[in-house]
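Enquirer: One structure is given below, represented as structure tokens, and several questions about it will come after.
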Amino acid sequence: MKVLIVDDDVVDRKVVKRTLCASSDSHHEVQEATSAAQGMSLLSSSQFDVILLDYRMPEVDGIEMVSDMRAKPDMGNTAIVMISAYDEPSLALDCIEAGAQDFLAKNEITLSKLEKAILFANKRFEIEQRMHKSYLAVKRMAEKDPLTGLSNRYHFEETLKILIASNKRVTSKVALLALDLDNFKHINDTMGHAAGDKVLQQSVKRIRKCLRNNEGFARLGGDEFAIILGNIMSGDEISRIANRILDSFNVAFNIDDKEVHCGVSIGVALCPDDSVNAQTLLKCADIAMYRAKQNGKNGVSFYESYYQTEFNQRFLIQNELIGVLENALFRLLYQPLFSAKDKSLLGFEALIRWPEMEPHFTPEEFIPVAEQSKLINRIGEWVITTAFNQLSQWHRQFNTALTMSVNISAVQLHDSDLLPYLSHTLERLSLSANSVILEITETALIKDNKKVTDILRVLSGRGFKIALDDFGMGFSSVSHLMEYPIDIVKLDKSMQTSNESSDKHQRIFKALALMLKTLDFVVVAEGIETKEQLLQCQQFNLERLQGNYLGLPLNKERSELFLASIFDV
């Protein structure tokens, strides 16, 4: 057995060595060191079975040497027996806690005690090593994602903390990229989780090829990933890597011999610019990633401080939405729709409004949040139920065939429960589908247009009238008018002219109206606010009119007073 004695006292070294060699069957090969430094030097060049280490030495004591050894993998594989002239239980405990396997007082050293201490130390060390290997195996399992082999959230966050701490001493930055796969839930729902797992694995392979060798890459959960980029000197470096990742998703995945399209949205946060705290930096990158999704997905967004304010506002709205929805506190207002020919009432458009309570939010504020959180499906069902109930009541009360328009979002169009819910509600109330107008915006037509086309054709085939809302605002395509089963086109209020409008504006409005009429669409002019706008719409022969000049959105009670005045009830 190879033994190293480390002790600054020459007499004590000789006593220990003589005791070890006193046994008739001794096979000990003993080397000596007079200091911790010399002992560390011998350990770096030779392997020993056990070290007999003095506690009290000048410069570096025994406990410090043990700590240094255990911190170095190439020196930490040796059993240690600490020896000392001081026989105190607290000292023995300190030595064991530092990493020694046994403690022996110098005044108690005998051959049997020394050999027993060495034997016990070796056995304890073997057990400790086995336990450490088991710990490392469990640690690997705890730190790795089993599906992709990447670091998991826990290990990634610990790595990020270390990198942020070390980055304080340099002038470069640390970039954190938060990635979320686009369209992944749809893949899981339609093709199954096995296909989804393959998409995740193939996505990881693509992303790896876009990274340098030293980036930290982790799966945080589901279809969420994160990347640490260290030693960043400029935003251009980050953009190049992010754009390489985006480009790698342009090619469809081959999953079970099927082409599957999946994009990725990337959010970027910088340390120290955005935060020097790991958790906060992750939050900033997440917020930036959600901004990338809001901007149309499959893109990259760098965190800006005002994103936090927007995120907090969206979080507040979402929490308030849940409460308002659970307690059925939304309000519906009904804005009249008139015939341009004789100004007769044709029907109403149901407009959802926030309850009269604080905090108060406009539809422009809470509808996008409802769509993103998928609460819009439940809100839409409430609108359909409330508006259709009201229409049925008015049909009976005023004996008239008024129509009711309800707005349907892009999210609702992709909800498989929409058509059954519409049909069931109509049947329950004995309403005809042709008394209902479903209003959609062009944004609903842009994404997944084949599926939307199929849905709209089914709805149209069931007798519902389809209206394209806000035409002329933002993205407007004539091809959509021809591609989808649209019956009615509502010209956005931004198309309305005023005394300050240019001649070109007026000509565009007139040309649009003429084109739509030529294509046999029923045209509705929205946003009529003045008598001049009304006269112009009549001059252009637009069939239907809507706006505050003709009739404000009214609650149920005021709508009924208005109806009573018209139908003389």
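Enquirer: Within the range 518-542, restricting attention to residues that are touching an Asp or Glu at 6+ places or on another chain (Cβ under 8 Å) and not in a strand (DSSP E or B), which residue is farthest from V478 (Cα to Cα)?
Expert: Among them, the one singled out is G527.
Enquirer: OK, next. Quick one: in the range 294-337, which of the residues that are part of a helix (DSSP H, G or I) and small (G, A, S) is surrounded by the most Cβ atoms within 10 Å (Cβ to Cβ)?
Expert: Within the range 294-337, the first condition is being part of a helix (DSSP H, G or I), and the residues that meet it are 294, 305-326.
Among the residues that remain, those that are also small (G, A, S) are: 305, 323.
Working: S305: 9, G323: 11.
Once the filter is applied, the top-ranked residue is G323.
Enquirer: Sticking with this one: With the condition kept exactly as written, say whether any residue in the range 543-554 is surrounded by 17 or more Cβ atoms within 10 Å (Cβ to Cβ), assigned to a helix (DSSP H, G or I) and of a type in the set (A, V, I, L, M, F, W, C).
Expert: no
Enquirer: Scan the range 65-115 residue by residue and report those that are β-branched (V, I, T) and modelled with pLDDT under 85.
Expert: Hits for the range 65-115 are T78, I109, T110.
Enquirer: Run L534 past the list (1) modelled with pLDDT of 90 or more; (2) farther than 15 Å from F471 by Cβ; (3) under 45 Å from the mean Cα position of the chain (by Cα); (4) not basic (K, R) and report the number of the one that doesn't hold.
Expert: (3)
Enquirer: Next question. Any chance you could count how many residues in the range 520-542 are of a type in the set (G, A, S) and surrounded by fewer than 13 Cβ atoms within 10 Å (Cβ to Cβ)?
Expert: The total comes to 0.
Enquirer: Still on this structure: When you go through (1) closer than 16 Å to R13 by Cα; (2) out of contact with any Leu (no Cβ under 6 Å at 6 or more places or on another chain) one by one for Q31, which number turns out not to apply?
Expert: (2)
Enquirer: Anything in the range 146-173 that is more than 21 Å from M289 (Cβ to Cβ), of a type outside the set (D, E, K, R) and in a helix (DSSP H, G or I)? List them, or say none.
Expert: I162, A165, S166, N167
Enquirer: Among the listed residues T441, T386, which satisfies the condition of being closer than 28 Å to T190 by Cβ, touching a strand residue (DSSP E or B) at 6+ places or on another chain (Cβ under 6 Å) and among the hydroxyl-bearing types (S, T, Y)?
Expert: Numbers: T386 fails: closer than 28 Å to T190 by Cβ.
So the residue among T441, T386 that is closer than 28 Å to T190 by Cβ, touching a strand residue (DSSP E or B) at 6+ places or on another chain (Cβ under 6 Å) and among the hydroxyl-bearing types (S, T, Y) is T441.
Enquirer: Okay, next question. Restricting to the range 233-247, count the residues that are polar (S, T, N, Q) and surrounded by 13 or more Cβ atoms within 10 Å (Cβ to Cβ).
Expert: Looking only at that region, the number is 2.
Enquirer: Inspect the range 109-126 for any residue being closer than 30 Å to A22 by Cβ, touching a residue at least 40 places away in the same chain (Cβ under 8 Å) and among the polar types (S, T, N, Q) and give the result as yes or no.
Expert: Taking every residue of the range 109-126 in turn, at least one turns out to be closer than 30 Å to A22 by Cβ, touching a residue at least 40 places away in the same chain (Cβ under 8 Å) and among the polar types (S, T, N, Q).
The values are calculated or read from the model by the stated rules, or taken from the named source; none is laboratory data. These numbers were taken from a predicted model, which means no experiment stands behind them. Note that we place each Cβ from the backbone using ideal geometry, even for glycine, and neighbour counts take in every protein chain shown.
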